[in-house]
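Any read-out appearing in this document is the output of simple, stated calculations on the displayed coordinates, not a laboratory observation. In this text, all values refer to a predicted model and were calculated from it rather than measured experimentally. Ideal geometry is used to build each Cβ from the backbone, glycine not excepted, and the neighbour counts take in all protein chains shown.
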Amino acid sequence: MSERKVLVCQNRSCRKAGAKKVLAALETLATEKVAVVASGCLGHCGSGPMALILPEETWYDHLHPEDVEAIVQLQ
């Protein structure tokens, strides 16, 4: 069972900003302890692509695929 979840918004404005590529980059780094999940709107439209790390409730905005490795190292 995963200890953490990374929710990546896949709603309209985030997808237009590149959320699909961010999700794909995160999925390549997923582990048994970290589940990467495509989510609906996270409620921060205009700041996307957005990701939310649970259970810590750490938010990331304006993500790019090249940001993903640094985020994973911080967690």
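Summary table below
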item	result
Qualifying trypsin sites (Lys or Arg not before Pro) for the chain [loop in DSSP, other Cβ within 10 Å: at most 11]	Lys33
With eigenvalues of the C-alpha gyration tensor scaled by 5 and rooted, the chain, Å	18, 13, 11
Between 0 and 90°, nearest 10: helix 19-28 axis offset from the chain longest Cα axis	10
Longest DSSP-loop-exposure-free segment, GluC sites (Glu not before Pro), the chain, at most 13 other Cβ within 10 Å	4-31
Cα centre as origin, Lys/Arg/Asp/Glu Cβ charges: the chain dipole, Debye	400
Those Cys residues of the chain for which no other cysteine Cβ falls under 4.7 Å	Cys41, Cys45
